[in-house]
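Student: Dumping the structure here so I can ask a few things about it.
The values are calculated or read from the model by the stated rules, or taken from the named source; none is laboratory data. Everything numeric in this text was worked out from a predicted model, so none of it was measured. Neighbour counts run over all protein chains shown; Cβ positions are idealised from the backbone, glycine included.
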Amino acid sequence: MQTVSHPAAFVPCSGPTWRDPFPMYAALRSLDPVHHVEAGDYWVLSRFADVFAAARDTATFSSAQGLTFRYGDMDVAGLAEATPMVMLDPPEHTAFRRQVARAFTPRRVQLLEPVVRDFVTERLEHLRGGGDVVAELFKPLPSMVVAHFLGVPQGDRARFDGWTDAIVAASAEGDVLAAPDAVAELFEYFTHLIERRRDDPGEDTISQLLSDDDEADAVPLLRILGFAFTMVAGGNDTTTGLLGGSAELLTEQPDQRQWLIEHPERIGDAVDELLRLTSPVQGLARTTTRDVEIRGATIPQGRKVLLLYASANRDDAEFGADAELLRVDRMPRQIMSFGYGAHHCLGAAVARLQARVALEELLARFPHFSVDAAAGEFAPGHFVRRYLTLPFEPGSAS
């Protein structure tokens, strides 16, 4: 059991305070695993067993009232008419997810690998003299992948990236209406793109959603717009967080990096261990549909409950006494980095692909790279831990 010298209190992180939230998580796990935050009247679950059980129990822990610990999410976000899939509960969520999943089959994800590898190798060339690895690679890579899945033509990518930047920044702060122009322009763009895809379908997700000829199964326009918004808001900064955090961990533990260099075929296996420790989405909230008792504490009906994924992923009761350490050959059996159950991240395989390819190419070209975590800056927002900037040095040539 990890020694705890931190008070058991939860304080939401943002920007600079993301540098090291892990002692706070350890204190919560040890001293107050079902923690009530009086200031916002919400609860925090920090142990793996509790977070895992709550994530699977969508009947008790509902997503329909939003995923932050703030009440009135749906009104604040202005998305009630185009509800994102992540804010739906079964069975409505199940039916829509089944339709969307057709674009994320293993075959389709596999077909993406050459596109990702070409993009990564080109961007790494820009880093031969050093630079900001987030700006050059870790941020633009997921934006390119999201645009690819949504079928955004190459000529529209610059505009799309601008909307993405604004929406991701506003979403991280918990209020997408802070970027009203970007949201409006994105929705208008996809409204027209959807009409184009009705007549000229492609291999993208939107074309897949439009391909069902059965009128009873047709996906409403607003639901497709909500899905496009989810891809933009949720498919970008999370992968950036994974890649930046992974670069930091491999810099801090050169023995683990060396093992991957000597066993490049195991990089894909190591991604889940990196996901476990980086936990790009540090936590998301649910709303209780009934009074629920956990470890002797009663959480009343209608209360927000933050499922602290990043804490669960470092719980030594689940991952052993060295749970706080990177061990690239660990191959953890279950992690909470993509959630679990009905809301397990639909793009998990795509995120893993991006991480594997980026690390394969990075270690092959710059085996002695380093990043300066102390000089890096973290992005604002209470839920996604990601570097906004991260200085990179290539080290000696391979």
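Student: I'd like the full set of residues that are of a type in the set (Phe, Trp, Tyr) and crowded, with 20+ Cβ neighbours inside 10 Å, limited to the range 16-52.
Tutor: Within the range 16-52, the first condition is being of a type in the set (Phe, Trp, Tyr), and the residues that meet it are 18, 22, 25, 42-43, 48, 52.
Scanning the range 16-52 gives Trp18, Tyr25, Tyr42, Trp43, Phe48, Phe52.
Student: I've got another one for you. What's the total number of residues in the range 122-160 that are within 30 Å of Arg197 (Cβ to Cβ), in contact (Cβ under 8 Å) with a residue 60 or more places away in the chain and aliphatic (A, V, I, L, M)?
Tutor: First, the residues of the range 122-160 that are within 30 Å of Arg197 (Cβ to Cβ): 122-123, 137-160.
Filter again for in contact (Cβ under 8 Å) with a residue 60 or more places away in the chain, leaving 137-139, 141-143, 145-146, 149-150.
Add one more test, that the residue is aliphatic (A, V, I, L, M), and what stays is 137, 141, 145-146, 150.
Going through the range 122-160 one residue at a time, the tally reaches 5.
Student: Consider Gly155 carefully, then state whether it is over 24 Å from the mean Cα position of the chain (by Cα) and assigned to a helix (DSSP H, G or I). Break it down stepwise before answering.
Tutor: Values: over 24 Å from the mean Cα position of the chain (by Cα): yes; assigned to a helix (DSSP H, G or I): yes.
Answer is yes for this residue.
Student: Of all residues in the range 314-344, count the ones that are in a loop (DSSP other than H, G, I, E, B) and closer than 23 Å to Pro12 by Cα. I'd like the intermediate steps shown before the answer.
Tutor: Taking the range 314-344 and keeping what is in a loop (DSSP other than H, G, I, E, B), we get 314-315, 320-336, 338, 340, 344.
If we keep only those that are closer than 23 Å to Pro12 by Cα too, we end up with 314-315, 323-324, 335-336, 338, 340.
Of the residues in the range 314-344, 8 are in a loop (DSSP other than H, G, I, E, B) and closer than 23 Å to Pro12 by Cα.
Student: Considering each residue of the range 262-300, count those that are within 15 Å of Ala53 (Cβ to Cβ), aliphatic (A, V, I, L, M) and either in contact with a helix residue (DSSP H, G or I) (Cβ under 7 Å, 6 or more places away or on another chain) or surrounded by 24 or more Cβ atoms within 10 Å (Cβ to Cβ) (or both), and give that number.
Tutor: The number of residues fulfilling the criteria is 1.
Student: Residue by residue through the range 124-152, note down the ones that are of a type in the set (Val, Ile, Thr), part of a helix (DSSP H, G or I) and within 30 Å of Thr191 (Cβ to Cβ). Break it down into steps so the answer makes sense when it comes.
Tutor: Just the residues of the range 124-152 that are of a type in the set (Val, Ile, Thr), to begin with: 133-134, 145-146, 152.
Adding the requirement that they be part of a helix (DSSP H, G or I) leaves 133-134, 145-146.
Listed by number, the residues that qualify are Val145, Val146.
Student: All but one of (1) among the small types (Gly, Ala, Ser); (2) in contact with a Gly (Cβ under 8 Å, 6 or more places away or on another chain); (3) surrounded by fewer than 20 Cβ atoms within 10 Å (Cβ to Cβ) hold for Ala55, so report the exception by its number.
Tutor: The number of the failed condition is (3).
Student: Quick check: anything in the range 329-337 without any contact (Cβ under 8 Å) to a residue 12 or more places away in the chain and either touching a Lys or Arg at 6+ places or on another chain (Cβ under 9 Å) or at positive phi (or both)? Explain how you work it out, then say what you get.
Tutor: Residues of the range 329-337 without any contact (Cβ under 8 Å) to a residue 12 or more places away in the chain: 333.
If we keep only those that are either touching a Lys or Arg at 6+ places or on another chain (Cβ under 9 Å) or at positive phi (or both) as well, we get none.
For the range 329-337, residues without any contact (Cβ under 8 Å) to a residue 12 or more places away in the chain and either touching a Lys or Arg at 6+ places or on another chain (Cβ under 9 Å) or at positive phi (or both): absent.
Student: Six or more apart or on different chains, Cβ atoms under 9 Å: show the pairs whose first residue is in the range 205-217 and of a type in the set (S, T, N, Q) and modelled with pLDDT of 55 or more and whose second is surrounded by 10 or more Cβ atoms within 10 Å (Cβ to Cβ) and not in a helix (DSSP H, G or I).
Tutor: Thr205/Gly151; Ser207/Gly151; Ser207/Pro201; Gln208/Pro201; Ser211/Pro201
Student: When only residues in the range 355-398 that are without any contact (Cβ under 8 Å) to a residue 40 or more places away in the chain and either part of a loop (DSSP other than H, G, I, E, B) or touching an Asp or Glu at 6+ places or on another chain (Cβ under 7 Å) (or both) count, which is surrounded by the most Cβ atoms within 10 Å (Cβ to Cβ)?
Tutor: Across the range 355-398, the extreme among qualifying residues is His368.
Student: Can you work out which of the residues in the range 169-204 that are in contact with a Lys or Arg (Cβ under 9 Å, 6 or more places away or on another chain) and at pLDDT 75 or above is nearest to Ala147 (Cα to Cα)?
Tutor: Across the range 169-204, the extreme among qualifying residues is Asp204.
Student: Look through the range 301-354, keep the residues that are acidic (Asp, Glu), touching a helix residue (DSSP H, G or I) at 6+ places or on another chain (Cβ under 8 Å) and closer than 30 Å to Glu38 by Cβ, and return whichever of them is surrounded by the most Cβ atoms within 10 Å (Cβ to Cβ).
Tutor: Of everything passing the filter in the range 301-354, Asp315 is surrounded by the most Cβ atoms within 10 Å (Cβ to Cβ).
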